[in-house]
Structures are given as C-alpha cells and as structure tokens.
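Shown next, in structure tokens, is the structure this report addresses.
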Amino acid sequence: MENASEVVTEVANAATNTVSVAGASSQMPFIVLSVLSVITAILLVALILAQKKDSAGFTSSMGGMASGGVDSSYWGKNKKNSIEGKLELLTKVTAFFFFVFIIAANFV
C-alpha cells in the first residue's frame, strides 16, 4: 500500500507542475509586453529629458512667430539632420511603440 500512495503523490505533483507551467505559458505574452512597456517608458523619459528645451515651442507651433522666424534660417531648415532632430524623431518612434505595447497588452 505504501507504494501506491507514493505513486498517487507523484502523479498529483506532476499534475500540479504541468498546470502551473501551462498557466505560466499562457501569461508569457502579457509578461513580455509588460517588460517591453516598462523599458520603452524608461527610454521615453530619458529621451525627453535629453532634449534641449525649446523656449518658443508651443507658441511657434500655434503660429506665434513672425514669418521670418526659425524656419527661414539655416538652423530651422536643417534641424532634422542635427542631434536634436534625431532625438525628436527617436522620441516619436519610442512613443509610438510604447502605445502599441500598451494596447497589445490589453488584448492579450
């Protein structure tokens, strides 16, 4: 009888192990998306803090500057080729992926 109880215990342990492994594998996409969301959030904060503060950013986007403003200068025309322009583009791309990861995690 002792051998039968040991077999039952081993079978029960094996069954609980497979259930926990199956439960973990079903949560794996959510865990991966959560980790990617945290990484992109930290990267997004770092990219935003690395950018130079634009003193006339909001007013110039709303048409507050005169027609001969920043866009007509050499710097305004070539800003996308500078480090600030690349940081701005990388920030936009990172924000896009952050929102994609968050939305995908809601559907998993």
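The values are calculated or read from the model by the stated rules, or taken from the named source; none is laboratory data. The structure displayed is predicted, hence computed values, not measured ones. Don't worry about glycine lacking a Cβ; one is built from the backbone with ideal geometry, like all the others, and counts go over all protein chains shown.
Pairs are defined by a Cβ separation below 8 Å, a sequence spacing of at least 6 or placement on different chains, a first member in the stretch 42-54 that is over 15 Å from residue 83 (Cα atoms), and a second member that is among the polar types (S, T, N, Q); the pairs so defined are 43/94; 44/91; 44/94. Within the stretch 49-76, the set of residues being out of contact with any helix residue (DSSP H, G or I) (no Cβ under 7 Å at 6 or more places or on another chain), at pLDDT 65 or above and part of a helix (DSSP H, G or I) comprises 49, 72, 74.
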